[in-house]
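A short worksheet on the structure shown next.
The values are calculated or read from the model by the stated rules, or taken from the named source; none is laboratory data. Quantities reported herein were computed from a predicted structural model and do not represent experimental measurements. Glycine also receives a Cβ, built like all others from the backbone with ideal geometry; neighbour counts cover every protein chain displayed. Note: accessible area is taken over every heavy atom of the protein model, side chains too, but ligands, DNA and RNA are not part of it. Shrake-Rupley method; radii C 1.70, N 1.55, O 1.52, S 1.80 Å.
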Amino acid sequence: GVAALGGLGKNEKEMPLVLVVNHRSDVDALEIFHVRSNDESDYTLVHEKSVLHPLLFNVNDCVFVDRNNVYCTNWRSNPTGSLMDAIEVYGQMPWNNVVHCNLETSGCEVVAEGIRMANGIEISKDGLNVFVVATMDKAVLVYARNNKDNSLDKVASIPTNALCDNLVWDGEALLSGCHPKALTFVAYSTDPHNKVAPCEVIEIPILRLGGKYISHRSIKTRYLDPVGDEFPACAVAAVTQGKTKQLWIGGVHAKGMLRCPVDPTEIIKFSSEQRYLRFFNPSRIRKLDKFWKNFKQEAGDVYEVIHTSVLILWRLLCNTIKVCSPNNAVCIICVHLCFDQ
């Protein structure tokens, strides 16, 4: 996990800070750096201190509150690879927590617990809400933060319908890299050089009023590789700001990053299709696609009759249940039966 505080502009009064989670061979530590500017285009990270504490047992991610306070998630409560670790993960046990740490005193305390695999964490700009990914719950947990004692009180749970990883703000929405198929991801993790796993980036628009969390709007899919051939098992996504916005996606085992153009029309166009794709086995989809293309070549006129009939029925169905529009059939059946549209 990596967290940052402050910007790199000329008007910054204090040097920006960077926190890096360091999984040492014997213990986890928080490494604190400040950013030293040599000129406008040359920056250097200077190590300030290491924070170690028994509550920082198996740290996944952290987020700054201010220069002296951070929240961190422990995503496992047992040594990785142990029998109890396997029971915890595959039994989806709620044994994980969020800790608050004071970087000045190196003191830590548990502020939220009972979480099934606490993963990515973010905080609202006003510091009044903290968002934590509960991977095994397929949810993002929303906490109200007490700015006097840094305690957290759970106020909501946002379903993600996938095993999500890290969180990054994009305006008033949260982006998360997710794994639509849990067991496929597990198999990929054991042999990332020869296997792949689906990758999905979701957007969670957050609605807040008067510094309080109200609700979230419909979750959108920003990117989906239903098989993992293009970019397997994504873990994080962020949008760069500037004249040309771009979506950058990072993976669990990928050796590089995927850069995508940010096009709101494409996000809306493909979100429904991608939502439905996650429920289908990718290998079956490829077999069905191959079968249908071969059938189209061999059947000739019969194919055209079937195709036209199915298209008419599907359009009627789409208009009835409002799953997809007549001019843009985007559900899984349409992908294969109406792929000419």
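Taking into account only those residues within the stretch 38-67 that are in a strand (DSSP E or B) and without any contact (Cβ under 8 Å) to a residue 12 or more places away in the chain, which is surrounded by the fewest Cβ atoms within 10 Å (Cβ to Cβ)?
Residue satisfying both the conditions and the ranking: ASP39.
Regarding the stretch 207-218, can at least one residue be identified that is more than 19 Å from ILE123 (Cα to Cα), in contact with a Lys or Arg (Cβ under 9 Å, 6 or more places away or on another chain) and either assigned to a strand (DSSP E or B) or without any contact (Cβ under 8 Å) to a residue 60 or more places away in the chain (or both)?
No, the conditions are met nowhere in the stretch 207-218.
Select from the stretch 119-138 the residues that are in contact with a Gly (Cβ under 6 Å, 6 or more places away or on another chain) and not in a strand (DSSP E or B) and write down the one among them that is surrounded by the most Cβ atoms within 10 Å (Cβ to Cβ).
LEU128
Among what's in the stretch 9-37 and is of a type in the set (S, T, N, Q) and surrounded by 10 or more Cβ atoms within 10 Å (Cβ to Cβ), pick the residue that is modelled with the lowest pLDDT.
SER37
Given the residues ASP85, ASP61, which is the only one that is closer than 13 Å to VAL133 by Cα and of a type in the set (D, E, K, R)?
Being closer than 13 Å to VAL133 by Cα and of a type in the set (D, E, K, R) holds for just one of ASP85, ASP61, which is ASP61.
Filter the stretch 90-102 down to the residues that are farther than 14 Å from ASP137 by Cβ and at pLDDT below 95 and list them by number.
TYR90
Being of a type in the set (Gly, Ala, Ser), farther than 14 Å from ASN69 by Cα and either modelled with pLDDT under 95 or open to solvent by 30 Å² or more (accessible area, probe 1.4 Å) (or both) is the filter here; which residues of the stretch 104-118 pass it?
GLY114
Scan the stretch 79-90 for residues that are surrounded by 12 or more Cβ atoms within 10 Å (Cβ to Cβ) and without any contact (Cβ under 8 Å) to a residue 12 or more places away in the chain and jot them down.
Of everything in the stretch 79-90, those that are surrounded by 12 or more Cβ atoms within 10 Å (Cβ to Cβ) and without any contact (Cβ under 8 Å) to a residue 12 or more places away in the chain turn out to be MET84, ASP85, ALA86, ILE87.
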